[in-house]
Amino acid sequence: MIIRKLIGAAAGVVIALSASVVLADGQILTANIQHVATGRYVDAHVTADREYSIVTRTFQDNKTQRWKLTHEGGGIFIIKSVSNGRYWDAHVTADRDYGLVTRPFQNNDTQRWKLTDMGDGTRTIQQVTNGRYVDAHDTADKDFRIVTRPYQRNTTQRWRIKPIADNIKNCLPVIGCF
């Protein structure tokens, strides 16, 4: 994270998502998110019969693998599906395997995620409400579902944020994005 003084404003937080992408508070980036351990990409089921679950799939270059990351400040993001307009959230019980799903916007910490730079071009993604880390099953019998787990210090909890072309938007409260 880099701290900088914004011209004519108070100090703001800027976060680098890759060597070429830096987001200030309120900026939105559209990106693919790649699981380091498997090389698969974050994808979402878009129907209720699949519980809108979040999974990994081979690269498909379609909207189900595109995500809008909105930087709220301090490395905290809200992550929204481009394909269905729903937001990352997670079940908070073992009987649901702590699985990630998309849900309508709720404006609470179950839909806020802390991205931490690991210094090697990868990040961990941690749910703000419970501190659990985003991880992924690596077998078809588990539908390659994405879940949260306690921290494990391995690549199953590492992710690459891959920006999609020049698509950063600036957003301000009340005014919106431009």
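The values are calculated or read from the model by the stated rules, or taken from the named source; none is laboratory data. Just so it is clear, the model here is predicted, and its values are computed rather than measured. Neighbour counts are summed over all protein chains in view; Cβ atoms, including those assigned to glycine, are modelled from backbone coordinates with ideal geometry.
Contact map, segment 52-64: residues that are in contact (Cβ under 8 Å) with a residue 40 or more places away in the chain paired with residues that are among the basic types (Lys, Arg) and part of a loop (DSSP other than H, G, I, E, B), Cβ distance under 9 Å, separation 6+ or inter-chain. Pairs shown: TYR52/ARG86; VAL55/ARG40; THR56/ARG40; ARG57/ARG40.
For segment 96-123, the tally of residues that are surrounded by fewer than 16 Cβ atoms within 10 Å (Cβ to Cβ), among the charged types (D, E, K, R) and touching a Gly at 6+ places or on another chain (Cβ under 8 Å) stands at 0.
Taking the criterion of being of a type in the set (D, E, K, R), within 21 Å of LYS68 (Cα to Cα) and touching a helix residue (DSSP H, G or I) at 6+ places or on another chain (Cβ under 8 Å), the only residue of segment 113-168 that qualifies is ASP135. Candidates are the residues of segment 129-149 that are closer than 20 Å to ALA44 by Cα and surrounded by fewer than 16 Cβ atoms within 10 Å (Cβ to Cβ); the one that is modelled with the highest pLDDT is ARG149.
For segment 65-78: of the residues being in a strand (DSSP E or B) and free of Cβ contacts under 8 Å to residues at least 40 places away in the same chain, which is nearest to PRO104 (Cα to Cα)? Looking at the filtered set, the residue picked out is ILE78. The set of residues in segment 31-65 being over 20 Å from VAL128 (Cα atoms) and either at pLDDT below 90 or under 10 Å from the mean Cα position of the chain (by Cα) (or both) consists of ALA31, ASN32, HIS45, VAL46, THR47, ALA48, ASP49, ARG50, GLU51, TYR52, ASP61. Against the definition (modelled with pLDDT of 95 or more, over 15 Å from VAL36 (Cβ atoms) and crowded, with 20+ Cβ neighbours inside 10 Å), how does GLN126 come out, yes or no? So GLN126 passes the test.
Per the listing LEU17, LEU100, the residue uniquely under 18 Å from GLN127 (Cα atoms) and at pLDDT 80 or above is LEU100.
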